Every structure is written in structure tokens, then in C-alpha cells.
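For reference, the structure is listed below as C-alpha cells.
The values are calculated or read from the model by the stated rules, or taken from the named source; none is laboratory data. No experiment lies behind these values; they were computed from the predicted model shown. FYI the Cβ positions are ideal-geometry reconstructions off the backbone, even for glycines, and counts take in every protein chain you see. Surface accessibility is based on the protein's heavy atoms, side chains included, excluding ligands, DNA and RNA. Shrake-Rupley method; radii C 1.70, N 1.55, O 1.52, S 1.80 Å.
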Amino acid sequence: MQETYHTNHTDEDEIDLKALFSTIWQNKFIIAIFALIITVSALIYALKTPNVYTSSSVLILKESEGPNIGGGAAAMAALAGINIGGSGSGIDVASLFQNLLGNYFFHKDMIEKYNIDTMLSLENVEKNYVFAANKSEVYHFFKSVDDDEKEHNEIIFDTYQKLKNILSTSTDKESGAITLSAKFEDRFVAKELIEIYLKEMSDYIKKLDLKEIDEQVHYYEKELAAAQNLDLKSNINELLSALVKKKVLSQAGEFYMVKQLTKPQVAYIKDKAGPKRGLMIIVSFITSIILGIFFIFFKEFIRNDNENKSELSF
């Protein structure tokens, strides 16, 4: 009795599978047409999407070689929380760069200073677009025109959103090297953005650090004028001298705290970072087949459900 039950259950499963394959085979043309439409749409999208290129600059931290100070002055500096190391000593440059790239107001200043909204505008960059096989006919055929006028603040915010997707930083844990990258359809603009942001972020951090040094120098100059103890005056003088030396050292070099190991370059026209057109089409084809089969089964389910309701109504 138990063997008969297992045999019947297996037969039912085989019949169900045969019914499923039979349903798929009967509707193969519908599935094929559905797959063809989706795949052709993906092909058109792939052809009208321009290549994306990456430009980057690799940075390494400058060696921290600050001025030496005596024990008394060193103790005063430690108590006051002053770091007399080399420029930027103890500062996490990679984190500062990353925070600045996520800050709306920093981007706003850059956008307005360099007219980056115009730089990233379609009218400016599309002349440098590169397409599959260097053909742009599909793009121009399906190109849409947006005549909507936007307010200044909206343009700034839209540009900020674009820049967040274009610019990025990464850090090599072993060497500590920092890579500032720009990924964009216009390979010339990608290089230009790296140059702009590297300079401006370096200047921004230097400005903050120098401002702090000037405030410390101004404070200790007042303390020196008021001091009566000769040892205290000597220590303050030594501390002031170290702060001035640190300020001078911070001015050396093209960039603050970092040295440029590799400069940004305009990417070679064949060295694209995307899109992966072949993968897009393959994934679209496979997905369309799955969706087509799902649609057929769903249609059959609805049809059978309606038939069952009709039988029950009689």
C-alpha cells in the first residue's frame, strides 16, 4: 500500500511538470515576442548610453618632520593641546577629503566659483561623448530636450547630487595612499574635476590649520608680553618659534599634507569604466524570458480560476 502511494505521488508530479512544459511550449511565441521587445529595448538603451571614464590622482602623506622644542615648551604645548609636528600631523586626510565631498556647502562654493553646473551641463559635455563603436546615431535619435527653466538653488542642488556620484575617495590600508577619483561620461571634465577638488580641498584644510596656528601665535604673544618669569618667557618664545616654523613648513609643496604620486590624466578613449553593454543585454534577455514565463503562468492561473468560478455558478 505504501509503495502504491509513492508511485501515484510521483506520477502526479510528472504530470504537473509535463503540464507546465506544455503550457510554456504552447505559448512559446508570446514568450519569444516578449523577450524580443525587452532585449531590443535594452540594446537601444545600451547604444544610446555614452561611455563612462575614470580619472584619478593617487596621493601619499607627507612625512611629518616638525621643529624640535625643549622640555618646558613641549610640556606647555602638550597642556595646551598644541601639536608641533609637521603640517597636518595627526590629521586623517582621507576622512577629511571624504567629509568635504559629502558636504553640500563646500560643493556649493565650488560650483559657484568654477561654474561646475555649466561644466556638467549636457550642452557642454555631449560633444565629448563616446558610444559603442564610436557611433552616436541612436543617442541623437532618442535624445530628449528639456526646456524647463530651473531656479539657481535648484541647479546648485542638482549639480551637488551629480558630483556626489562622480567624485569618490578610497584609501589603501597597507600603504596609506589616498585615491581621489572622478567617474564621468566626459573624460576631459573628469580630469578637470580632480584638479579642481584636489586643490580646493587642500587649500580648505590648510586655511583651517593656519587659522588655528595664527590664533595660537596671537595668544602666546600676549602671554609673552605679560609674563614676568624668565623661564616662562623662554618657553613661550620657544613655543612661538615652533609655531612659526610649523606655519612656514605648511606652505611648502603644491598640496597641504599630501604629495601627488600620480597626476590625473584624460582617460584613453578605449579605456572605459562602463557601461557593460554586453552584460546589460544578456541580463535583459534572461530576465525577459523569466518574466515572460511568469506572465504565461499568471494568465493561465487567471483563466483556470475564471473557469472554476463559471462551473461553480451552474
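Could you identify the single residue in SER175, SER136 that is among the polar types (S, T, N, Q) and over 26 Å from TYR268 (Cα atoms)?
Numbers: SER136 fails: over 26 Å from TYR268 (Cα atoms).
After ruling out the rest, the residue left standing is SER175.
What residue, among those in segment 245-259 that are of a type in the set (Lys, Arg), open to solvent by 70 Å² or more (accessible area, probe 1.4 Å) and touching a Gly at 6+ places or on another chain (Cβ under 9 Å), is farthest from LEU59 (Cα to Cα)? Break it down stepwise before answering.
Just the residues of segment 245-259 that are of a type in the set (Lys, Arg), to begin with: 245-247, 259.
Next, from what is left, pick out any that are open to solvent by 70 Å² or more (accessible area, probe 1.4 Å): 245, 247, 259.
Now drop any that are not touching a Gly at 6+ places or on another chain (Cβ under 9 Å), which leaves 245, 259.
Values: LYS245: 24, LYS259: 6 Å.
Result: LYS245.
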* **Residues of segment 206-244 satisfying the condition of being outside any helix (DSSP H, G or I) and open to solvent by 90 Å² or more (accessible area, probe 1.4 Å)** => GLN228
* To do: Hey, could you check segment 1-19 for residues that are open to solvent by 80 Å² or more (accessible area, probe 1.4 Å) and hydrophobic (A, V, I, L, M, F, W, C) and say which is modelled with the highest pLDDT?
  => LEU17
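Just one of ILE178, ILE155 is open to solvent by 40 Å² or more (accessible area, probe 1.4 Å), among the β-branched types (Val, Ile, Thr) and modelled with pLDDT of 90 or more; which is it?
Numbers: ILE178 fails: open to solvent by 40 Å² or more (accessible area, probe 1.4 Å).
Criteria check complete, one pass: ILE155.
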* Structure fact -> Scanning segment 164-205 residue by residue, the ones that are assigned to a helix (DSSP H, G or I) and within 22 Å of ASP92 (Cβ to Cβ) total 11
* To do: Please go through segment 219-245 and pick out each residue that is of a type in the set (D, E, K, R) and under 21 Å from ASP209 (Cα atoms).
  => GLU221, LYS222, GLU238, LYS245
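Is it true that LEU180 is touching a residue at least 24 places away in the same chain (Cβ under 8 Å) and closer than 14 Å to SER121 by Cα? Let's see the steps before the verdict.
Values: touching a residue at least 24 places away in the same chain (Cβ under 8 Å): yes; closer than 14 Å to SER121 by Cα: no.
For LEU180, the condition - touching a residue at least 24 places away in the same chain (Cβ under 8 Å) and closer than 14 Å to SER121 by Cα - is not met.
Within segment 39-46, does at least one residue satisfy the condition of being modelled with pLDDT under 90 and either more than 30 Å from TYR197 (Cα to Cα) or in a helix (DSSP H, G or I) (or both)? Working first, answer last.
Going through segment 39-46, the residues modelled with pLDDT under 90 turn out to be none.
Looking through segment 39-46, none of the residues is modelled with pLDDT under 90 and either more than 30 Å from TYR197 (Cα to Cα) or in a helix (DSSP H, G or I) (or both).
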* Restricting attention to segment 219-239, which residues are out of contact with any Leu (no Cβ under 7 Å at 6 or more places or on another chain) and within 29 Å of LEU61 (Cβ to Cβ)? -> TYR219, GLU238, LEU239
* Residue that is nearest to the chain's Cα centre (by Cα), among those in segment 97-112 that are open to solvent by 50 Å² or more (accessible area, probe 1.4 Å) and either over 17 Å from ASP158 (Cβ atoms) or among the hydrophobic types (A, V, I, L, M, F, W, C) (or both) -> GLN98
* Could you count how many residues in segment 245-261 are of a type in the set (Ser, Thr, Tyr) and not in a helix (DSSP H, G or I)? -> 1
* If you take the residues in segment 260-298 that are of a type in the set (Lys, Arg) and open to solvent by 80 Å² or more (accessible area, probe 1.4 Å), which one is nearest to the chain's Cα centre (by Cα)? -> LYS272
* Any idea how many residues of segment 78-96 are closer than 17 Å to LEU198 by Cα, more than 22 Å from the chain's Cα centre (by Cα) and modelled with pLDDT of 55 or more? -> 1
